[in-house]
Amino acid sequence: MLSILIPIYNFEVVDFVKDLSTQASLCKIDFEILCFDDASTAEFKSKNSKLATIQGVVYNELSQNVGRSKIRNLLADKAKYEYLLFLDCDSKTNTNEFIKKYINHAKPNVVTYGGRNYEINPPKESEKYFRWWYGVKRETITVNDRVKQPYHSFMTNNFLIPKALFLSIKLNEELNGYGHEDTLLGLELKIKQIPILHIDNPLCHIGLESVDEFLRKTTF
């Protein structure tokens with residue numbers, strides 16, 4: 001039924017994956033959680049090595065960094081179930097019915113997007129405040145607003161897609177910048193007239209960078 005796909009890069013995901021495994025198990029479905037590490041540092045590989053002991057998890061470490069698009073395409077190629085749930089690693093769920101909501105909205109030839117939000121309180125580290133503020137103001141978009149521009153407001157942090165559909169389009173592996181795979185995939189879905197169903201099922205983005213790092217990644 002469901003392959004949960006998590007590309008990892010320099011972030012500890014053990015608690016996040018345990019939560020997802022518990023939720024999927026309670027739904028009484030066939031599932032797997034593929035966690036592929038994109039050449040993180042030894043520190044994070046050591047922390048995430050525990051993933052292999054969690055029910056339904058396949059943990060794999062890549063020997064070299066392949067990038068945001070290619071690792072997601074690789075995860076899709078290795079997935080064995082008919083629906084793919086792509087989730088960013090620097091996240092946590094807001095509800096214990098996160099997986100259940102996606103299962104209830106799974107439809108052939110439809111992409112389902114749950115959204116993104118941030119912690120209510122700003123981070124204690126002053127250098128991370130800008131990233132939190134930007135995320136709250138620009139990336140936390142209600143369902144009612146997202147449906148007005150369904151393709152423009154789509155992001156790859158948290159979406160469900162039938163495997164056959166994803167493999168027919170995939171992510172552009174020639175991209176070198178940060179974040180533009182979201183834009184191009186949204187455009188591809190629009191061109192092919194594949195509907196995006198927007199639902200209220202956000203992931204909380206907890207991997208806040210310093211302002212310098214965020215600007216370095218997003219400025220060209």
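The values are calculated or read from the model by the stated rules, or taken from the named source; none is laboratory data. Quick caveat: nothing in here was measured; it's all calculated off a predicted structure. Note that we place each Cβ from the backbone using ideal geometry, even for glycine, and neighbour counts take in every protein chain shown.
General observations
- Screening LYS80 with (1) closer than 25 Å to ILE29 by Cβ; (2) surrounded by 15 or more Cβ atoms within 10 Å (Cβ to Cβ) gives one miss only, at (2).
- Scanning segment 27-62 for residues that are closer than 17 Å to ALA79 by Cα and without any contact (Cβ under 8 Å) to a residue 12 or more places away in the chain returns a single hit, ALA52.
- TYR81 in contact with a helix residue (DSSP H, G or I) (Cβ under 9 Å, 6 or more places away or on another chain) and either without any contact (Cβ under 8 Å) to a residue 40 or more places away in the chain or of a type in the set (Ser, Thr, Tyr) (or both): yes
- Test result for GLN55, modelled with pLDDT under 95 and either more than 16 Å from LEU160 (Cα to Cα) or of a type in the set (Val, Ile, Thr) (or both): yes
- Applying the set (1) more than 23 Å from LYS101 (Cβ to Cβ); (2) surrounded by 21 or more Cβ atoms within 10 Å (Cβ to Cβ); (3) touching a Gly at 6+ places or on another chain (Cβ under 6 Å) to PHE31 leaves exactly one unmet item: (1).
- Evaluating ILE54 against the criteria (1) surrounded by 21 or more Cβ atoms within 10 Å (Cβ to Cβ); (2) aliphatic (A, V, I, L, M); (3) in contact with a Ser or Thr (Cβ under 6 Å, 6 or more places away or on another chain) leaves one unmet condition, (1).
- For segment 107-127, the set of residues classified as crowded, with 18+ Cβ neighbours inside 10 Å and more than 14 Å from the chain's Cα centre (by Cα) consists of TYR118 only.
- Single match in PHE86, PHE98, PHE130 (criterion: out of contact with any strand residue (DSSP E or B) (no Cβ under 6 Å at 6 or more places or on another chain), aromatic (Phe, Trp, Tyr), in contact (Cβ under 8 Å) with a residue 40 or more places away in the chain and within 14 Å of ILE4 (Cα to Cα)): PHE98
- Selection count where residues are assigned to a helix (DSSP H, G or I) and either hydrophobic (A, V, I, L, M, F, W, C) or exposed (fewer than 12 other Cβ atoms within 10 Å of the Cβ) (or both), scope segment 128-144: 8
- Just one of the listed residues (THR112, THR140, THR95) is touching a helix residue (DSSP H, G or I) at 6+ places or on another chain (Cβ under 6 Å) and at pLDDT 95 or above, and it is THR112.
- Residue within segment 169-184 that is touching a strand residue (DSSP E or B) at 6+ places or on another chain (Cβ under 6 Å) and not small (Gly, Ala, Ser) present: no
- LEU84 being in a strand (DSSP E or B) and under 20 Å from VAL17 (Cα atoms): yes
- Of everything in segment 185-220 that is out of contact with any strand residue (DSSP E or B) (no Cβ under 9 Å at 6 or more places or on another chain) and in a loop (DSSP other than H, G, I, E, B), the residue that is modelled with the highest pLDDT is ASP200.
- Number of the exception - LYS92 against (1) touching a residue at least 60 places away in the same chain (Cβ under 8 Å); (2) surrounded by 17 or more Cβ atoms within 10 Å (Cβ to Cβ); (3) under 14 Å from the mean Cα position of the chain (by Cα): (2)
- Restricting VAL143, VAL147, VAL111 to those that are within 24 Å of GLU32 (Cβ to Cβ) and not small (Gly, Ala, Ser) reduces the list to VAL111.
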